[in-house]
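Only one structure is covered here, and it is reproduced in the block below.
The values are calculated or read from the model by the stated rules, or taken from the named source; none is laboratory data. On a predicted model such as this, the values are computed, not experimentally measured, just so you know. Here Cβ is always computed from backbone atoms with ideal geometry, including for glycine, and neighbour counts include all displayed protein chains.
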Amino acid sequence: MGIAQTRVRIFLLAWKSRKNFNLIIRPSKRKVLKDVISNINGTINHNPKIIPKDSEQYLICKKIKAGQKLSNVRSGPRAVHTWDIPEVYGFTTIKEKTVLEAMLLIRRQRRVRDYGDADPIPVSLLHRQFGKQIIRSLEFKGYIRRLDKHYDLTNTFNGKFRRMSWDEPSNTVDTRFGESKYYLHPEEHRGFTIREAARIQGFPDTFIFEGGERDQYKMIGNAVPPPMSEGLAKIIKRQIIQ
């Protein structure tokens, strides 16, 4: 529908007619982030708020490259783990990092519960495989936590500080798009401005958002992208006048 984001939605169309309804959506040119927000300076509702350099958030942002996110439940080049940022989360030895990486995989492979996407790991298994001393060290440093007869990673979030890429569509614009701890600008250490979020959603610059800042982000994040609404309306119009 011509917007620079990945946004999966379901639309239900009721058609009270004996005629067949031909819902044909023609693919439009794929847009990426640089197509919509690279020339945004000087527009209304565009007030970038750079994260202070003396903050922990700034230290985290420095380690997150385009296309990456802070995640302790995934591995691979797109995931940055808390143990990769000792300036904020504390120093770990090479061996301790190896144990944490192994726990990341074990907690997903040894499933017991039928909910969530990972389970805590039995204490006995970790002691047997890695030894008591290193497990106690990681618990003392706050990287893992004891849960009765199990251990789990302390920070099990998946996808904070997601840094967008200029050459890819944006993640789904939601009501938190201005918060840097969730979404990061491709280059600058900050979240997205109201105007950037609006452009990614497909709003023209002539559409001015008013009210409190949080309310403006809510309006944008909860909206149906205008180009999508327009595209569906044109399809319905063609069916009616045929």
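Quick notes on this one:
- Those residues of region 29-50 which are touching a helix residue (DSSP H, G or I) at 6+ places or on another chain (Cβ under 8 Å), exposed (fewer than 14 other Cβ atoms within 10 Å of the Cβ) and farther than 19 Å from Y183 by Cα, in sequence order: I44
- Filtered residue count, region 142-201, keeping only those that are assigned to a loop (DSSP other than H, G, I, E, B), hydrophobic (A, V, I, L, M, F, W, C) and under 30 Å from Q129 (Cα atoms): 1
- Verdict on I135 being under 27 Å from K62 (Cα atoms) and hydrophobic (A, V, I, L, M, F, W, C): no
- Filtered residues of region 76-103 (kept if without any contact (Cβ under 8 Å) to a residue 12 or more places away in the chain and in a strand (DSSP E or B)): A79
- Qualifying positions in region 178-217 - of a type in the set (V, I, T) and in contact (Cβ under 8 Å) with a residue 40 or more places away in the chain: T193, I194, I200, I208
- Considering residues of region 121-174 that are of a type in the set (A, V, I, L, M) and within 26 Å of K218 (Cα to Cα) only, the residue surrounded by the fewest Cβ atoms within 10 Å (Cβ to Cβ): M164
- Selection status of R136, of a type in the set (D, E, K, R), in contact (Cβ under 8 Å) with a residue 40 or more places away in the chain and closer than 19 Å to N155 by Cβ: no
- Condition check for R176: over 22 Å from R7 (Cα atoms) and either within 12 Å of the chain's Cα centre (by Cα) or not hydroxyl-bearing (S, T, Y) (or both): no
- Of the candidates E96, E101, E87, the single residue that is over 25 Å from D167 (Cα atoms), buried (at least 17 other Cβ atoms within 10 Å of the Cβ) and out of contact with any strand residue (DSSP E or B) (no Cβ under 9 Å at 6 or more places or on another chain) is E96.
- Flag if L153 is under 19 Å from R74 (Cβ atoms) and touching a helix residue (DSSP H, G or I) at 6+ places or on another chain (Cβ under 7 Å): yes
- Screening K62 on (1) over 18 Å from L153 (Cβ atoms); (2) assigned to a helix (DSSP H, G or I); (3) over 24 Å from the mean Cα position of the chain (by Cα) shows it passes everything except condition (3).
- R18 closer than 25 Å to A223 by Cβ and outside the structural domain of W83 (by TED's automatic domain parsing): no
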